[in-house]
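Where a number appears in this text, it was derived from the coordinates with a stated rule and is not lab data. For clarity, every value in this text was computed on a predicted model and none was experimentally measured. Positions of Cβ are generated from backbone atoms using ideal geometry, with glycine treated the same way; all protein chains shown enter the neighbour counts.
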Amino acid sequence: MSGASPPSPPSRRAVVGRRVRKVDGFKLVTGRTAFTDDIALPGLLVGRILASPHAHARIRDIDTRRAKALPGVHAVLTWKDVPRVPHTTAGQAWPEPSPYDTYLLDSKVRFVGDRVAAVAAETRAVAEEALRLIEVDWEVLPPVLDMEHAMDPGTAVIHDEPDATGIRDAARNLAGDIHTHIGDVEAGFRESDLILEREYRTPRQQHAMLEPHIVICWLDADNRLVIRTSTQIPFHVRRQVAMILRIPVSRIRVIKPRIGGGFGGKQEMVLEDLCAALTLASGRPVKLEYSRHEEFFMARTRHPQILRLRMGVKRDGTIVAHHMRVLAATGAYGSHCTTVQGNTGSKVLPLYRAPHLRFDCDVVYLTTPQAGAFRGYGCPQGYFAQESLVDEIAHELGMDPIAFRLKNAIRQGDVDELSAQLGEGKKGLPRTIRSCGLPECLEKGAAAIGWKEQRNGGVRRPGRLLRGVGVATTMQGSGIAGVDFAGAFLKANEDGSFNLQVGATDLGTGSDTVLAQIAAETLGVSLDKILIYSSDTDFTPFDVGAYASSTTIISGGAVKKAAEKVRDDMCCFAAQLLDAPPEDLVCRDNRVFAPGGKSVSMAEVAVHALYKEKTQVMEGASHFNTDSPPPFCATFAEVEVDTETGRVRPVHLVTAVDLGVAINPMQAEGQAEGAVAQGLGYALAEELVLDGRGRPANANFCDYKIFTAKDMPKLTTILVETEEPLGPFGAKSIAEVGINGVAPAVANAAFDATGLRFRRLPIRPDAVLAALGGRR
Amino acid sequence: MFDRLRAFHRPATVAAALRLATAERRAGGRGAFVAGGTDLVVQGDGSLRWVVDLSLLPLRYVRRRGAGGGWTIGSTTTMADLERSAALRRFADGVLCDAAATAGSPQIRNRGTIGGNLANASPACDLAPPLLALDASAVIAGGAAGARKAAGGRRTVALERFFRGPGRPALNGGLLVEIVIPAPPVPRGGRAAWAFQKLGRLQSDIAVVNAAAGVIVGSDCRCRWARIAIGAAGPTPLRARRAEALLVGRPFDRDAAQAAAARAAGETRPVSDVRATADYRREMSRVLVGRALDECLERMGRDPWASW
Amino acid sequence: MGELVIRATVNGAPRRWTVAPGDLLLDVLRREGYWGVKNGCETGECGACAVLLDGEPVNSCLVFAAQADGRRIETVEGVAAGDRLDPVQEAFLDHGGVQCGYCTPAMILVTRALLARTPRPTEDEVREALSGVFCRCTGFKKPVEAVLAAAARLADARPAAPPAGRKPARKAAAR
């Protein structure tokens, strides 16, 4: 059910493929009310959460009497006051492949920052005063902070509650595990001429989107619960809140205004349930938001992992066998735990066509901040390890790293069978590569970085500043095969404009613009004729939400289908005006043309349909794919290593990416460039650090460093366009793939400059300095 | 955040500011002076009951200090003022401008003041190393110790003694009103140079370590006077006196610089925290002092009179 | 002393506000309907709340509202002339400098302050000016291009003037 119609020749396209302005740009550059908090509601209360000071503890008793008595306090909630419904906060299609191990409020806390109680009051000051008046009788339990010992016998059990479901082995703190293979890796290793085994470690990275999580809830005139929230998943939020609060879905309306960035951190129901509970308890509108400090440890992080990779190759550079073992920490709760880690295998290993692949993974609970979805979704970890290792193997074999990759990389026509074994929580679907521009990405990227001229080959030269270049090749997916789906709805207005209503969730990526471009191109109208609205569960069709690089291909597929239907309807009415058969008509330039050149405007057709034929032209469509075409990316880095300070400074990053057809090249470049910035942070600076008691040590922007305008190196972005049969106008995706290769390309460049391998992220100056000293 | 604040005073004179602070203290309750707010607001002490705002005081100036040379800088002069001061750019190789330009983001530098930067007594304070290398002093008005002392209730404290520990300036309730920088003692035929170095984790960052050096050589190219100051490498910004002593009296060259840098690192007392380990800070003290002294050497070699 | 009355000029219009002594300018501006001033961290790091105070960018989360008394404030709401966008706003749209848009008001304001002081900035000067505004979406390439394009556009629009004086280049801190 691909919905692919024969593509129009790119040269003839009027809107798709153009570097058009964001359709929602005006309100953003003028500062008009756009975001969740840009609203004044009479009687709005402020919600605050009492956060656990302990990494692991039981609440023997909790006394809220003094807090409730404080003037200005309208609701105080603890586990005693709310339904106990096990659930996952992961924003995934039902049934979610994540354990149901989370409660609105619980009598046990599992990380520093876990919810103890919540208050709604007239002001923030009163709410915070009320929090101070809540008395908790704690039974402090031993924290579990080290993922390598989380499953040891005798370790405290984090999820000892009897009603959780979907946990692999709660008694061993094992949230989930994955074991899968094709071929026989041990046989493969016996055939190999060279086997390398290495260990890699990756940190907790925080999304650090500029707008922290925020929700405003109120009861409308019909006593329905309205949830205005900064989310990537409005429809999942509606379902989850209904389930958790035991109210019907029909009583909930979720509004998603503009989102100030998400990156996966908002593919999760983080605050909506609690804010809704406070509104139901108080009868008043309530705003609940995280401060920046809270955002760092009370929201979500990327999963930290320890990866052990073993790869066997033939002397000629053919990869024979690859065994990847992953230990990952999901933190206190298991949202996205097996799906993120599943991706570490399923979207990384198949990049190289080895006959023997094996993936073994344990995901453990810790009494630490909760991990979740984050741009790349398990791939940045896996690719850091895999691309570091293949670089090392190519070096050992004396092969050029690009040639080694080209020799082994998956190519058009290949079928990736590992994906069939690693679906999201169930058996997946095999992945057929129908478009692949990876060789061209490598070729163009190498030229842009100056690969031949800049390469040192891991030979450390004399001098204080050393330069080197490195490469990494990566892929991602475009939507979750057989899972992601979307609806779109279009109607014609009498001036030739069209309302496009989508449940797709533009979180700043520009997807509203891309979807409007797809509609405009299909209808043959200019972009300003498309009035896109996203998203409101009362008024827009269902969409799983913005994640898994799905919006362009899945939501875009729905938009294209709906637009094709509307175009056909318009042609039927135009046929009456033009006295020509509808199938002979062509829509372009806001007009409908008959074969002889005679034409009518879209507005004339719409007026005719409405006032003469008494018909509203309107159509809806749904779309899903049974395959997830991967975008491919070659990331090149040039770095400068200061041998005195150990600092690795990125000098130039080149991203050459096969994204299918770029619906909006300017926005596509912006996605790639933003991914590089986040990837550089992951490579060199970002890590949420916890102390020995599980408390965050750097939960602020002063000590959790992200790259600023001054830190960013020169960026070159090269869009390598291929024609993807499954995507609208040949599009695949771009939002995530660009982050995957940054850390390994930087690490490989650092090797090229120094002859040293860095296998732990972020690559800290003191570690570099120590390594350099060791070699002196 | 400051919900308990019940008084926000905006005096126009130093005397009024001191009077208001004294009266508030007598009435009880915590309070503070505020200028740019770039530290006070971030610290977010919700128990504050009163604030005396210094914005309207006539303390935003950079002036030459009489005929003898040297400078006075009013305590509410912003980092941006310092960064952009054409006069200070020509003084001491612009070492104060360079340091001010690294302190926080442009928005922070438009608000943050030299007085606030020093009075918070952060070990990582960016202006401290260059000011220590310039033998600067702090002029404090009022306060328990000052009230009985010199005319106008003002006292002058050498900057080195001003920093008593992290967050512990020698103010005794007084108000830092001015920074005094004496004329460097450059002899006839001598040459002088200054330099500032800072290392953060990224470009725009609090210092992991910062350092400043000032060197004066006689016409014989021997070092007559040396100042080496290091920040974020101990409980206070510090002078590396033994390293300075190593330079004085000897020919100032690259070897001397490196030896002094190594000794300076030995004078630090760094701590480990989330930004860096103590060992790394100590090693970076050596590197940065070495770079600052190298820069001084280069400046002297390039144009002996550039700093004047 | 309970409440304070302050008078300030916001986007050219005189305003009179009653504030509490502890109120911060960010909260007062948002309360008064200047929604373009964004709250991103409340500790002066991210710059999303930047406004121009007497023409200079400051983080409004670190300014007490009482300190704005008698001063001139510019927010993003004052940049466009009605529906007509300012060249800086146009450039951010044309060059893809806007993604989620949360930092955009601050970026536009610091750009205006930069171009007022330095009409033809170098790329390094642009990066320095933008360095106090965090952006997690763009990687800064397109915002920097937008600022440079806006500078060129404004310079072309201006009657021929002598080339702008370049400030002495600041020496970079230790890398």
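Return A:THR708, C:THR104, A:THR180 ranked ascending by Cβ neighbour count within 10 Å, so the fewest neighbours appear first.
Starting with the residue having the fewest Cβ neighbours, the order is A:THR180, A:THR708, C:THR104.
Treat every Asp and Glu Cβ in the range B:201-288 as -1 and every Lys and Arg Cβ as +1, leave all other atoms uncharged, and give the resulting dipole magnitude about the Cα centre to the nearest 20 debye.
Charge dipole, the range B:201-288, about its Cα centre: 200 debye, nearest 20.
For A:VAL85 and C:GLU32, what is the calculated FRET efficiency with R₀ set at 25 Å and r taken between the beta-carbons, to the nearest 0.05?
With a Förster radius of 25 Å, E is 0.05.
Taking loop as defined by DSSP and a crowding limit of 16 other beta carbons within 10 Å, which trypsin sites (Lys or Arg not before Pro) in the range A:550-630 fit?
Those that pass, being in a loop and sparsely packed, are A:LYS598, A:LYS614.
Report, in cubic angstrom per residue, the convex hull volume of the C-alpha atoms of chain A.
Here the figure is 156 Å³ per residue.
Mind checking which of B:VAL186, A:GLY372, A:TRP94 is farthest towards the positive end of the protein assembly as shown's charge dipole, using Cβ charges of +1 (Lys, Arg) and -1 (Asp, Glu) about the Cα centre?
With unit charges placed on the Cβ atoms, the residue in question is B:VAL186.
In µm²/s, what is D for the range A:60-131 at 10 °C and 1.306 mPa s, where D = kT/(6 pi eta Rh) by Stokes-Einstein and Rh is the Kirkwood radius from Cα pairs?
For these conditions, the coefficient is 115 µm²/s.
How about the range A:378-457: which trypsin sites (Lys or Arg not before Pro) there are in a DSSP loop, with at most 16 other Cβ atoms within 10 Å of their Cβ?
Answer by residue number: A:ARG411, A:LYS426, A:LYS427.
Treat each spin label as a single point 7 Å out from the Cα along the C-beta direction, and report the A:LYS612 to B:ARG19 distance in nm.
8.7
Counting other beta carbons within 10 Å of each residue's own, what order do B:TRP50, C:TRP17 fall into, fewest first?
Fewest to most other Cβ atoms nearby, the residues stand as C:TRP17, B:TRP50.
Among A:HIS236, A:HIS149, A:HIS652, A:HIS322, which comes first, then next, by fewest other beta-carbon atoms within 10 Å?
A:HIS149, A:HIS652, A:HIS236, A:HIS322
Once the Cβ-Cβ distance between C:ARG7 and A:ASP137 is put in as r, and R0 is 45 Å, what FRET efficiency do you end up with, to the nearest 0.05?
So the FRET efficiency works out to roughly 0.30.
Assign unit charges at the C-beta atoms only (+1 for Lys and Arg, -1 for Asp and Glu), then state the dipole size of the protein assembly as shown relative to its Cα centre in Debye, rounded to the nearest 20.
4920
Over the Cα atoms, compute the radius of gyration (one decimal) and Dmax (the largest Cα-Cα distance, rounded to a whole number) for the range A:1-154, in Å.
Cα-based Rg and Dmax for the range A:1-154 come out at 24.1, 71 Å.
Report, to two decimal places, the Cα Rg of the range C:4-78 normalised by 2.2 N^0.38 Å (N = number of residues).
0.96
Okay, which of the range B:109-147 sit inside 11 Å, backbone N to the point 7 Å along the Cα-Cβ direction of B:ARG164?
From the range B:109-147, the list is B:144-145.
Binning at 5 angstrom from zero up to the longest distance, how are the C-alpha pair distances of the range C:10-169 distributed in percent?
It works out to 2, 9, 18, 22, 19, 14, 9, 5, 1, 0, in whole percents.
Determine, from the Cβ-Cβ distance of B:ALA262 and A:ARG464 and an R0 of 25 Å, the FRET efficiency 1/(1 + (r/R0)^6), rounded to the nearest 0.05.
That pair, B:ALA262 with A:ARG464, gives E of 0.90.
Mind checking which of A:VAL617, A:HIS323, A:GLN381 is farthest towards the positive end of chain A's charge dipole, using Cβ charges of +1 (Lys, Arg) and -1 (Asp, Glu) about the Cα centre?
Checking the options against the dipole of chain A, the answer is A:GLN381.
Treating the beta-carbon of each Lys and Arg as +1 and of each Asp and Glu as -1, no other charges, what is the dipole magnitude of the range C:1-153 about its Cα centre, to the nearest 20 debye?
Using only the charged Cβ atoms, the result is roughly 180 debye.
Along each principal axis of its Cα atoms, how long is the range A:343-390 end to end? Whole angstroms, biggest number first, please.
Projected onto its principal axes, the Cα set of the range A:343-390 covers 38, 21, 16 Å.
What area, in nm² and to one decimal, does the C-alpha convex hull of the range C:87-157 cast on average over all directions?
Directional mean of the projected Cα hull area for the range C:87-157 stands at 3.9 nm².
Please work out, to two decimal places, the log10 of the ratio I(q)/I(0) at q = 0.08, 0.12, 0.14 Å⁻¹ from a Debye calculation in which every Cα of chain B carries one identical scatterer.
Log10 I(q)/I(0), no solvent term: -0.35, -0.78, -1.03.
With label points built 7 Å along Cα→Cβ from the Cα atoms of C:ALA116 and A:ASP584, find their separation and express it in nm.
6.4
How large is ³J(HN,Hα), in whole Hz, for each residue of the range B:124-135 in order, when computed from phi with the Karplus curve 6.51 cos²θ - 1.76 cosθ + 1.60 and θ = phi - 60°, using x for Gly and Pro?
Along the range B:124-135, the couplings run 8, 3, 6, 7, 5, x, x, 5, 5, 6, 10, 6 Hz.
Excluding A:ILE532 itself, what net charge comes from residues whose Cβ is under 10 Å from its Cβ, given Lys and Arg +1 and Asp and Glu -1?
Local charge sum for A:ILE532: -3.
Between A:ALA770 and C:ALA81, what is the label-point separation in nm under the 7 Å Cα-to-beta-carbon projection?
A separation of 6.1 nm, rounded to one decimal place.
Can you tell me the length gained on complete extension of the stretch C:ALA155 to C:ASP54, counting 0.36 nm per residue apart and subtracting the Cα distance?
34.1 nm
Between A:GLU148 and A:GLU396, what length in nm is gained on full extension when 0.36 nm per residue of separation is reduced by their alpha carbon distance?
Gain on extension, A:GLU148 to A:GLU396, equals 86.3 nm.
Please compare each pair in A:LYS529/A:LYS598; A:LYS266/A:LYS705; A:LYS407/C:LYS142; A:LYS266/B:LYS198; A:LYS529/A:LYS705 to a cut-off of 31 Å on the Cα-Cα distance and tell me which ones are over it.
Listed pairs above 31 Å: A:LYS407/C:LYS142; A:LYS266/B:LYS198; A:LYS529/A:LYS705.
Counting Lys and Arg as +1 and Asp and Glu as -1, what is the net charge of the other residues whose Cβ lies under 12 Å from the Cβ of C:GLU74?
Residues close to C:GLU74 contribute a combined charge of -1.
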